[in-house]
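Where a number appears in this text, it was derived from the coordinates with a stated rule and is not lab data. As the structure is a computational prediction, the values presented were derived from the model and not from experiment. No Cβ is skipped: glycine too gets one built from the backbone with ideal geometry, and neighbour counts run over all protein chains shown.
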Amino acid sequence: MIKKVGIIGAGTMGVEIAETLAEQGLEVVLIDQTDQNLSDAKLRLYTSQERKLARWTITEGEKKLVLSRIQLTLDWRQLANVPLVIEAVTEDLVIKRDVFRRLNLETAPNVILASNTSTLSISELAQATRRPDKVIGLHFFEPVHQSQLIEVVRGYRTSEETVRFAFQFAHRIGKEAVEVYESPGLVSSRLILILINEAMHLYMEGVASKESIDKAMRLGYDLPRGPLEMADRFGLDAVLLALERLFREYGETKFRPSPLLKKMVRSGLLGVKSGEGFFRYDVRGERIDL
């Protein structure tokens with residue numbers, strides 16, 4: 001039974017995954033490249049647990065226990081005794097390949113190496129290692145603690161044993177898993193990015209206000225959030241990067257990024273991470289313009 005997991009990248013997804021695993025009783029080694037990044041991650045973890053405490057969903061003792069299970073460090077040697085490492089760095093193939101190249105050297109040969117990528121090739125990442133059979137995609141969804149799903153993504157050389165391990169891991173942390181064969185955008189990102197992009201076109205064309213567009217999709221199709229708020233929470237820069245990658249891969253106009261999206265990213269309006277995108281957010285990521 002898996003008891004400890006390594007995570008590379010203390011950004012939004014890395015922190016959310018770490019917190020969720022700790023809440024499920026797992027020990028977590030969370031690694032990043034600077035003390036400042038780790039300090040920011042520690043603050044986000046504490047703030048998130050404090051918010052849950054204020055809502056009476058956890059006790060003070062549970063908060064302390066969850067935080068004690070997460071080790072924040074710059075030292076990759078702390079990965080020595082983990083059976084699984086999840087990469088959650090920025091969605092850039094060169095950066096991710098460098099991470100996998102280092103993981104191949106820093107971890108034991110039997111350790112499973114997973115990526116949280118939503119658009120990149122698992123097979124390409126696996127080429128940076130000497131264990132392509134043990135490389136797999138584990139695509140978590142934001143917010144990680146609420147979403148019930150993980151996409152388990154096979155690379156060309158991912159073994160059946162590794163796939164079984166991934167499904168067992170998903171079950172261990174209370175998630176449902178769906179198996180996906182490697183394809184740009186997988187299932188979820190390929191579909192949701194088209195919805196988000198079309199919502200931006202509607203807003204740009206003046207068909208409806210941003211509030212009306214999101215309300216129509218939330219109430220009409222029982223979505224937890226509208227497509228424009230989703231984009232804010234994904235990060236508008238990340239949405240743009242993903243759409244551009246899918247447009248290059250497929251060459252279909254449905255993936256061509258909305259001009260409005262490009263303008264907003266160029267203006268520094270990135271969504272939750274910058275405090276403003278289509279909507280405005282406080283430091284905790286809560287909407288402040290409802």
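Descriptive notes on the structure:
- Straight-distance crosslink candidates among lysines, where the alpha carbon sits under 17 Å from residue 254 and sequence neighbours closer than 8 are dropped: 262
- In a reduced charge model with +1 at each Lys and Arg Cβ and -1 at each Asp and Glu Cβ, the chain shows a dipole moment near 260 debye about its Cα centre.
- DSSP H segments from the chain that extend 15 Å or more along their own axis, Cα-based, with Kyte-Doolittle mean of 0.5 or above: 188-204, 236-250
- At q = 0.08, 0.09, 0.16 Å⁻¹ the log10 of I(q)/I(0) for the range 4-181 amounts to -0.22, -0.28, -0.91, computed by Debye summation with a single uniform scatterer per C-alpha, solvent ignored.
- Excluding same-chain neighbours fewer than eight residues apart, the aspartates and glutamates reachable from residue 215 by a Cα-Cα span under 13 Å are 229.
- Here is how the number arises for the chain: DSSP H runs of 4 or more residues each give -39500 (n - 2.57), the sum is divided by the residue count, and the result at 222 nm is -14500 deg cm²/dmol.
- Lysines whose Cα lies under 27 Å from that of residue 134, excluding same-chain neighbours fewer than 8 positions away: 3, 4, 96, 175
- Once the gyration tensor of the Cα atoms in the range 129-243 is diagonalised, the equivalent ellipsoid follows with semi-axes of 32, 16, 10 Å, ordered largest first.
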